[in-house]
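Q: One structure follows; several queries about it will come next.
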Amino acid sequence: MVVEIKSNLPHCSKAIDGNQNKVEVNILLLGAENVGKSALTVRFLTKRFIGEYGNIESVYSHVEKIDRRDISFNIWDSLYPQSCESSESVSEEQLRWADGIVLVYSICDRASFEVVQQQITLIQKLFSSLSFSVPMVVVGNKRDLHHRRVVSSEEGRLLALSADCGFFEVSAAEAYHGVLLVFHGLHELIKEARGVKKGAAGIMGIMKTVFGKKRE
Ligand SMILES: Nc1nc2c(ncn2[C@@H]2O[C@H](COP(=O)(O)OP(=O)(O)OP(=O)(O)O)[C@@H](O)[C@H]2O)c(=O)[nH]1
Ligand SMILES: [Mg+2]
C-alpha cells in the first residue's frame, strides 16, 4: 500500500487515465463539519481509526490493486466552510477536479443530513450549467451510535434514490470493510460512467462516418 500526502490542494488538475495498468481516480469528500470525512479517508488509507483528526483540508493519494490493475485514488478531504452561504459550500473547481463524490452526513446529526440535501441541490445546479456530471454516493456515518440516531436509514436511502446516487451506512469508528465498500462502490460507478462516455464517443465516431461530420 502506498499512502502519499499531497500538501497542496489541486488546481483543477483533472486525473488522466494512465497506461493500461494504472488508472487515476479523483474522489471528493463533502459534507458538514464533524461528520467523519477525515475518519473515513484515514480508515480507507490506513485501515485505522485514530479518533481525532484536526481540521485539515488535504488531498491524499493511495494506490490499490483492483482486478489486477493499479488504481490510484486521489482523495480530497474537504472542509465545510465556516459561516458560509449554502451556495458556497461546493465550488466549481471541486466539481471539475472530481471523478466521483462522497457526500457524508452523521446519522445522529439532522443538520448534517440537511447540509447533504443542500449540497446535492447545488451540485445538480452546477452540473447542469457545466453540462457534465460525475457519479455520487451518499454516506450516513457513525452507525455505531445507533442509540443517538436521528436520521433513519430509509430517509438516507430515499435521498440517495431521488438524486440517483449510491447509498451506504457505515461506521468509520467500528469497521474497515464498510468504508472499503464505499470507495470501491464509487470506483465501480466511475468505471461505468467512463465506459458510457467511451461508448458515446464511439457512437459519435460512427455518426461522423455516416454523416460526414462530427456532431458536438
Ligand atoms: N462514534 C463515532 N465517531 C466518529 C465516527 N467517525 C468519526 N467520528 C468522530 O467524529 C469526530 C469528527 O470526525 P472527523 O473525521 O474529524 O470529521 P470531519 O467531517 O473530517 O470534520 P471537519 O474536518 O472538522 O469538517 C471525531 O471526534 C471522530 O473521532 C464514527 O463512525 N463513529
Ligand atoms: Mg476533516
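No lab work stands behind these numbers, since they all come straight from the coordinates. Note that this is a predicted model, so its numbers are computed, not measured. Cβ placement follows ideal geometry from the backbone for every residue including glycine, while neighbour counts extend to all protein chains displayed.
Q: By count of other Cβ within 10 Å, fewest leading, how are Leu186, Leu130, Leu95 ordered?
A: Values: Leu186 25, Leu130 11, Leu95 19.
Taking fewest neighbouring Cβ atoms as first place, the list is Leu130, Leu95, Leu186.
Q: A further question follows. Among all the aspartates and glutamates, which ones have a C-alpha under 12 Å from Lys142's C-alpha, if same-chain residues fewer than 8 places away are not counted?
A: Hits, sequence-local ones excluded: Asp109, Glu169, Glu174.
Q: Can you tell me the order of 169-182, 102-115, 55-68 when each peptide is scored by its average per-residue count of other Cβ atoms within 10 angstrom, highest first? Can you show the working numbers first?
A: Working: 169-182: 18.5, 102-115: 21.9, 55-68: 13.9.
Ranked from most to least packed, the peptides come out as 102-115, 169-182, 55-68.
Q: So, one more: Tell me the relative contact order for segment 59-173 as a rounded percent, counting alpha carbon contacts under 8 Å between residues six or more apart.
A: On the way: 143 pairs, mean separation 26.4, N = 115.
Worked out over segment 59-173, it gives 23 percent.
Q: Past 19 Å, Cα to Cα, is the threshold; run Lys65/Lys191; Lys37/Lys191; Lys22/Lys65 against it and keep the listed order.
A: Values: Lys65/Lys191 14 Å; Lys37/Lys191 23 Å; Lys22/Lys65 9 Å.
In this structure, Lys37/Lys191 exceed 19 Å between Cα atoms.
Q: Label points 7 Å out from Cα along the Cβ direction at Ser129 and Leu180: separation in nm?
A: 4.1 nm
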